[in-house]
Amino acid sequence: MNFHILTLFPEMVRDGLNTSIIGRAVSAGLLSIEAVNIRDYAFNKHQSVDDYPYGGGAGMLMQAEPVYLAHQAVAEKTGGRPRTVYLSPQGHVFDQKMAEELAQEEDLILLCGHYEGIDERVLEEIVTDYVSIGDYVLTGGELPAMVMVDAISRLVPGVLHNDVSAEFESFQDNLLEYPQYSRPEEWHGKKVPPVLLSGHHANIEKWRREQSIIRTYERRPDLLERCELTEKEQKWLRQWIEEHED
Ligand code: 9WO
């Protein structure tokens, strides 16, 4: 999968994504991450990319033409009309389902705004998806773009090549992950739950599933409404709640 990030701060994006698992996947040829400097497409005397907003108001806007030319340069290389995401608080909120859908694309263009935003006219021409990573305002779209690249990349086959494949993790089933423990068996007087030391795999699986359900009920009840518990599990949870309510 090929990510193309249009930004005024290409170094920020490159530096943030060349580490650890993502960096290794790029070296292995499973991913490519290209940071395109929008300023390279500012063909005016001072290579400026921003100007005052018509109608007045605070700050500066990114002008349409450099953004358009940077996008065209990428689209010419990829062919077709690649999905183009504008990172904005006005977008649909990014979640695991959206990550899975976008991971199916061969090319993905991520447009990062800065200052007070981008001239609306170029957004109308090139943007296919408006995406927010959450309800807060930042200084630019770069960090949200990096969040998306990370979440999508780990769903590309081969990127996580350990035995824990992405599909078995949290948010599958809309359940949170169960608690995990490593050595030592006792730490600060706290023991590892005995079932995990029993070697009884069926019991361990059952305990983990129950822990996931309890956690989701306690910490993210909003997710519980969207997850598919079996009749037996629903009954078990109702029982557990009854036994644990104060
Ligand atoms: C600032 C501003 C000031 C006066 C009038 C209107 C204004 N709009 C903005 C604004 O939205 N600035 C954005 C800053 C422009 C695009 C990049 N910026 C951004 C992206 N902030 N937060 C995000 C973002 C993206 C995705 N998910 C969460 C936050």
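Where a number appears in this text, it was derived from the coordinates with a stated rule and is not lab data. Only a predicted model underlies this, so the values are computations on that prediction, with no experimental measurement involved. A quick note on method: Cβ atoms are made from the backbone with ideal geometry, for glycine too, and the neighbour counts reach across all protein chains shown.
Between amide H atoms placed 1.01 Å from N, distances below 5 Å from SER132 occur with SER88, GLY91, HIS92, VAL93, PHE94, all of them 5 or more places distant or on a separate chain.
3J(HN,Hα) along segment 144-149, derived from phi through the Karplus expression 6.51 cos²θ - 1.76 cosθ + 1.60 where θ = phi - 60°, amounts to x, 4, 5, 4, 5, 4 Hz, with x in place of Gly and Pro. In this structure, the pairs whose alpha-carbon distance is over 29 Å, taken from LYS97/LYS191; LYS97/LYS232; LYS97/LYS206, are LYS97/LYS191. Rounded to the nearest 0.05, the FRET efficiency derived from the C-beta distance between ARG226 and THR128 at R0 = 30 Å is 0.70. Calculated FRET efficiency, GLN47 to GLU101, Cβ-Cβ distance, R0 = 30 Å: about 0.25 to the nearest 0.05. From its DSSP helices (H runs of at least four residues, each -39,500 (n - 2.57)), the chain gives a residue-normalised ellipticity at 222 nm of -11500 deg cm²/dmol. Segment 96-148 and segment 185-201 have their alpha-carbon centroids 44 Å apart.
Under 5 Å between amide hydrogens, built in the peptide plane, is the criterion, and for LEU6 it picks out VAL36, LEU110, LEU111, CYS112 among residues at least 5 positions away or on other chains. Straight-line reach only, C-alpha to C-alpha below 13 angstrom: list the aspartates and glutamates that LYS77 could link to, leaving out same-chain residues fewer than 8 apart. The qualifying aspartates and glutamates are GLU34, GLU106, ASP107. Bridgeable aspartates and glutamates around LYS235 (alpha carbons under 14 Å apart, same-chain partners fewer than 8 residues away excluded): GLU210, GLU243.
Panel order for MET60, MET146, MET98, by other beta carbons found within 10 Å of each beta carbon, from fewest to most: MET60, MET98, MET146. Here the 3J(HN,Hα) profile of segment 41-48, calculated from phi with Karplus coefficients 6.51, -1.76 and 1.60 at θ = phi - 60°, is 10, 9, 9, 10, 4, 9, 6, 7 Hz, Gly and Pro shown as x. For the chain, give the share of DSSP beta bridges that are antiparallel, in percent and rounded to the nearest 5; count only bridges with both residues there. The answer is about 15 percent antiparallel.
For a quick protection proxy, order the peptides 38-50, 217-229, 114-126 by their average other-Cβ count within 10 Å, most packed first.
Result, highest mean Cβ count within 10 Å first: 114-126, 38-50, 217-229.
What's the whole-number percent of alpha carbon pairs in segment 82-132 lying beyond 11 angstrom? Within segment 82-132, distances greater than 11 Å cover 71 percent of Cα pairs.
For segment 92-100, putting each phi into the Karplus relation 6.51 cos²θ - 1.76 cosθ + 1.60 with θ = phi - 60° gives couplings of 5, 6, 4, 8, 4, 5, 5, 4, 5 Hz, in residue order, rounded to whole numbers and with x for Gly and Pro.
Grouping the Cα pair distances of the chain into 5 Å bins from zero gives a pair-distance distribution of 1, 5, 11, 13, 14, 12, 10, 9, 8, 6, 4, 4, 2, 1, 0 percent in increasing distance order.
Which one, ALA58, ALA103, ALA151, has the greatest fluctuation when you compute a Gaussian network model over the chain with C-alpha springs under 10 angstrom? Looking only at ALA58, ALA103, ALA151, the largest GNM fluctuation is found for ALA58. Sorted on the mean count of surrounding Cβ atoms within 10 Å across their residues, most packed first, peptides 206-216, 2-12, 187-197, 128-138 read 2-12, 206-216, 128-138, 187-197.
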